[in-house]
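Since the structure comes first, as structure tokens, the remarks are kept for the end.
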Amino acid sequence: MSDSLNCDVLIVGGGPAGLSVASHLADGISSIVVHQDAEIGRPVRTSGGSFLRDVRALGIPSDLYQVIDQLDFFADHEQASFCIENDKMVVLEITGLYRYLAALSDPLDRKLLLGTKFLSTQKQQDGLYLSQVRSRAKGTQTVRSKYIVDASGWHSAVLDSLGLGHKPERMGVGIEYEFPRGNFAPNRAVLFVGATALTGYGWIFPTVGNTLRLGIGVINPDTDLSPRQVMNHFVQDGHAARYGIEIPEDYEVNAGIIPSVPYESKLVYDTIIRTGDAANFASPTVGEGIRMAIEQGRHLGRDLSAFINGDKTAFTRYETRAAKKYARDYKYGYLMNQRIAGYTPDRWDQAVRRLARLSEREVTQMLRSNFSAGLILRTLYLSLRSKFFG
Ligand SMILES: Cc1cc2nc3c(=O)[nH]c(=O)nc-3n(C[C@H](O)[C@H](O)[C@H](O)COP(=O)(O)OP(=O)(O)OC[C@H]3O[C@@H](n4cnc5c(N)ncnc54)[C@H](O)[C@@H]3O)c2cc1C
């Protein structure tokens with residue numbers, strides 16, 4: 001059975017990006033978010049590391065994150081520990097946060113279709129898009145809209161359907177086990193690299209709900225192994241004890257995918273606009289993308305409203321603002337990402353030894369993918385020093 005819906009803006013994807021676009025569209029502009037999952041914020045496909053300053057600036061309530069001020073890096077034979085005084089980190093409570101973002105939209109203006117998958121779209125002669133969406137409850141429906149926002153994450157479902165883009169050829173693929181925190185300190189996070197994490201890295205994050213998220217991400221196709229295989233080795237070889245954790249028999253499994261490709265500034269294709277992971281806004285060093293998805297999604301909601309209301313410069317503003325914020329830093333970040341993805345465990349030992357010589361600020365800047373000239377010079381200097389003097 002086929003039935004038809006109309007709106008100004010069809011938003012594909014109900015993750016942080018799509019929900020933030022919806023909540024920041026102006027009154028009088030109608031939107032429909034189609035989200036293929038049956039619930040907002042479940043299943044969890046991400047681990048939620050971010051920065052306190054930024055989540056406060058976004059107005060996220062403090063019961064939705066755990067503050068982290070101790071950060072430990074481990075390679076196979078080296079360790080570097082930092083007390084973070086100034087630029088503290090957080091671990092976001094994903095399901096609660098995404099539901100909070102959804103609740104920022106007035107349900108009267110903004111339709112949210114859960115369990116509904118965007119299939120394809122075609123531009124009609126009148127300039128409107130006719131999109132096919134499918135749900136178990138309603139079968140196939142068509143949505144007629146003037147604009148489509150591709151907020152479908154790594155799927156890039158809309159751009160893919162129109163041949164304007166495609167799914168990324170290089171991807172970070174992650175798996176996470178979530179279980180009670182036990183004695184692990186609630187303010188401490190661990191990042192580990194080397195033989196236990198191959199092309200990617202591992203993390204241990206405590207949450208506000210007193211759980212721990214133990215995750216491993218690898219880059220495909222840089223390695224053929226899946227994160228599950230790498231995690232199985234991690235568990236079987238008993239590495240957990242080194243970080244002060246014990247993995248119980250029962251745990252929840254979270255898994256997800258993030259693009260790992262160079263940043264491209266083009267975000268607008270006539271009346272199709274991409275945002276969030278579909279626009280590759282996540283940082284190339286550690287794959288942090290939630291705050292970017294919220295921030296840029298909110299900008300897009302406002303800019304798209306301005307465009308619809310006659311401001312023809314609004315789309316350029318959206319593209320230029322994002323490029324100014326990310327293009328330069330992400331170029332260096334991506335180079336670093338490619339380089340370190342090929343590190344052997346020995347090289348990781350050297351890298352963590354160098355890391356220990358950086359200041360707290362330099363480390364957080366690197367995690368943020370903020371590459372000032374000073375930071376680039378200093379890491380280069382430390383790299384040369386370790387090459388020649390060990
Ligand atoms: C393993 C892992 C760990 C990560 N860790 C962190 C971290 O610590 N901190 C951080 O900030 N970021 C992290 N990220 C990145 C972060 O998850 C993303 O940057 C962020 O989720 C991007 O938001 P988004 O809304 O653009 O996309 P998504 O969160 O991917 O949301 C897109 C949604 O669209 C839906 N969708 C896709 N196709 C369709 C379709 N055809 N029809 C309808 N719906 C569709 C999907 O089901 C999905 O829910 C991690 C990612 C992974 C994979």
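Computed across the chain, the Kirkwood radius stands at 21.8 Å (inverse of mean 1/r, all Cα pairs).
Under 17 Å from the 7 Å Cα→Cβ point of residue 138, by amide nitrogen: which residues of segment 4-36? Residues 4-14, 30-36 fall inside that zone. Surface exposure of the chain, expressed per residue as accessible area with a 1.4 Å probe, stands at 45 Å². In a reduced charge model with +1 at each Lys and Arg Cβ and -1 at each Asp and Glu Cβ, the chain shows a dipole moment near 960 debye about its Cα centre.
Considering only protein heavy atoms and a 1.4 Å probe, what is the carbon-and-sulfur percentage of the accessible area of the chain?
Roughly 51 percent of what the probe reaches on the chain is carbon or sulfur.
With the simple model of a label 7 Å out from the Cα in the direction of the Cβ, residue 311 to residue 160 spans 3.3 nm. Given +1 at the Cβ of Lys and Arg, -1 at the Cβ of Asp and Glu and no other charges, the dipole of segment 147-231 around its Cα centre is 360 debye to the nearest 20.
One equal scatterer on each Cα of segment 29-124, no solvent, Debye formula: the resulting log10 I(q)/I(0) at q = 0.12, 0.13 Å⁻¹ is -0.58, -0.65. In the chain, the DSSP beta bridges split such that about 70 percent are antiparallel, to the nearest 5.
A 1.4 Å probe over all protein chains sorts 144, 136, 291 by accessible area into 136, 144, 291, starting with the largest. Both the radius of gyration and Dmax for segment 197-283 are 16.9, 54 Å, in that order, over alpha-carbon atoms. The listed peptides 90-101, 360-371, ordered by packing as a protection proxy, come out as 90-101, 360-371 (highest mean of other Cβ atoms within 10 Å first).
The values are calculated or read from the model by the stated rules, or taken from the named source; none is laboratory data. Remember, it's a predicted structure, so these values are computed and weren't measured experimentally. Every residue, glycine among them, receives a Cβ derived from its backbone with ideal geometry; neighbour counts consider all protein chains shown. Keep in mind that these areas ignore ligands, DNA and RNA; they rest on the heavy atoms of the full protein, side chains included. Shrake-Rupley method; radii C 1.70, N 1.55, O 1.52, S 1.80 Å.
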